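Q: A single structure is presented below for examination.
The values are calculated or read from the model by the stated rules, or taken from the named source; none is laboratory data. Computed from a predicted model, the values in this text were never measured in an experiment. Here the Cβ is made from the backbone with ideal geometry for all residues, glycine too, and neighbour counts use every protein chain on show.
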Amino acid sequence: MGSTRDLDPSFRSDADDLFGLAQEMDGSFVITSGRRSWDEQARLYARSLSGESPLPAAPPGRSKHQLGLAIDIARLNVDPREDDLLEELGLAWRAVGGIWGGEVDPVHFEQGPQMVRETTRYDPAPDLAARKSEMDSVLRWTPLGSAIDWVRGLF
Ligand SMILES: [Zn+2]
């Protein structure tokens, strides 16, 4: 089962609200998928191509699940393509600016562009962050000219 725990911080509280609403409608709603690794996404994509899964999956590198910006929810023992409650949730989600998978992928709820409240998505990669703090210390302690040369040498 998925969880909202490791979702992107900019999405987690909206995802919790959505899942809370789903649970109020019917306690049998579960999160079937949250954040996915590259390998998980590749496996799901292969399953959707082979027809093993009735639901679509994006190729690895193209899914918002890999960024922690999407969750899938469904009711146990209810075909999601026939689930009226999912449709209600989907319409509510769209009304607050979210992206819902609709008929094609009714279990899928992802962050809409106008829902972003914090800019936590573009954290620099770790090596870049290390370089930046290196750069900061150099800029602080060396004359400007040599600091600029040093920064140029990085790129
Ligand atoms: Zn999904």
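Q: Residues that are part of a strand (DSSP E or B) and in contact with a His (Cβ under 8 Å, 6 or more places away or on another chain): does the stretch 33-54 have at least one?
A: Here is the first cut: in the stretch 33-54, the ones part of a strand (DSSP E or B) are 33.
Of the ones still in play, those that are also in contact with a His (Cβ under 8 Å, 6 or more places away or on another chain) are 33.
Yes, the stretch 33-54 has at least one match.
Q: Within the set of pairs 6 or more residues apart or between chains, which connect a residue that is among the polar types (S, T, N, Q) inside the stretch 3-17 to a residue that is assigned to a helix (DSSP H, G or I) with Cβ atoms less than 6 Å apart?
A: Close Cβ pairs (under 6 Å, with a partner that is assigned to a helix (DSSP H, G or I)) amount to Thr4/Arg12; Thr4/Ala15; Thr4/Asp16.
Q: Continuing with the same structure: So which residues in the stretch 18-37 are under 15 Å from Ala70 (Cβ atoms) and exposed (fewer than 15 other Cβ atoms within 10 Å of the Cβ), if there are any at all?
A: Ser37 - this is the single residue of the stretch 18-37 that is under 15 Å from Ala70 (Cβ atoms) and exposed (fewer than 15 other Cβ atoms within 10 Å of the Cβ).
Q: Of (1) in contact with a helix residue (DSSP H, G or I) (Cβ under 9 Å, 6 or more places away or on another chain); (2) closer than 21 Å to Gln114 by Cα; (3) surrounded by fewer than 13 Cβ atoms within 10 Å (Cβ to Cβ), Pro9 satisfies all except one. Which?
A: That leaves (1) as the condition not met.
Q: Please enumerate the residues belonging to the stretch 102-120 that are at pLDDT below 90, of a type in the set (S, T, N, Q) and either within 16 Å of the ligand (Cβ to nearest atom) or outside any loop (DSSP other than H, G, I, E, B) (or both). Walk me through it before giving the result.
A: Narrowing the stretch 102-120 to residues at pLDDT below 90: 113-120.
Next, only the ones that are of a type in the set (S, T, N, Q) stay: 114, 119-120.
Gln114 - this is the single residue of the stretch 102-120 that is at pLDDT below 90, of a type in the set (S, T, N, Q) and either within 16 Å of the ligand (Cβ to nearest atom) or outside any loop (DSSP other than H, G, I, E, B) (or both).
Q: Sticking with this one: On the given criteria, is Asp72 modelled with pLDDT of 95 or more, surrounded by 15 or more Cβ atoms within 10 Å (Cβ to Cβ) and touching a His at 6+ places or on another chain (Cβ under 6 Å)?
A: Judged against the criteria, Asp72 is a match.
Q: Now for a separate question. Scan the stretch 48-82 residue by residue and report those that are charged (D, E, K, R), free of Cβ contacts under 8 Å to residues at least 24 places away in the same chain and either in contact with a strand residue (DSSP E or B) (Cβ under 6 Å, 6 or more places away or on another chain) or within 13 Å of the ligand (Cβ to nearest atom) (or both). First the steps, then the outcome.
A: Quick first cut of the stretch 48-82, residues charged (D, E, K, R) only: 52, 62, 64, 72, 75, 79, 81-82.
With free of Cβ contacts under 8 Å to residues at least 24 places away in the same chain added as a condition, the list becomes 52, 62, 79, 82.
Hit for the stretch 48-82 is Arg62, nothing else.
Q: Let me ask something additional. Specify the residue that is nearest to the ligand (Cβ to nearest atom); the eligible residues are those in the stretch 84-101 that are closer than 25 Å to Arg43 by Cβ and surrounded by 19 or more Cβ atoms within 10 Å (Cβ to Cβ). Even if it seems obvious, please write down each step before you answer.
A: Residues of the stretch 84-101 that are closer than 25 Å to Arg43 by Cβ, as a first pass: 86, 99-101.
Adding the requirement that they be surrounded by 19 or more Cβ atoms within 10 Å (Cβ to Cβ) leaves 86, 100-101.
Details: Leu86: 12, Trp100: 10, Gly101: 6 Å.
The extreme case among them is Gly101.
Q: Considering only residues that are over 11 Å from the mean Cα position of the chain (by Cα) and part of a helix (DSSP H, G or I), which ones fall in the stretch 60-92?
A: If the condition is that a residue be over 11 Å from the mean Cα position of the chain (by Cα) and part of a helix (DSSP H, G or I), then Pro80, Arg81, Glu82, Asp84, Leu85, Leu86, Glu87, Glu88, Leu89, Gly90, Leu91, Ala92 are the ones that fit.
Q: Checking Ser53 against (1) among the small types (Gly, Ala, Ser); (2) at pLDDT below 95; (3) within 27 Å of Pro9 (Cβ to Cβ), which test does it fail?
A: Tallying (1) among the small types (Gly, Ala, Ser); (2) at pLDDT below 95; (3) within 27 Å of Pro9 (Cβ to Cβ), Ser53 fails exactly one: (3).
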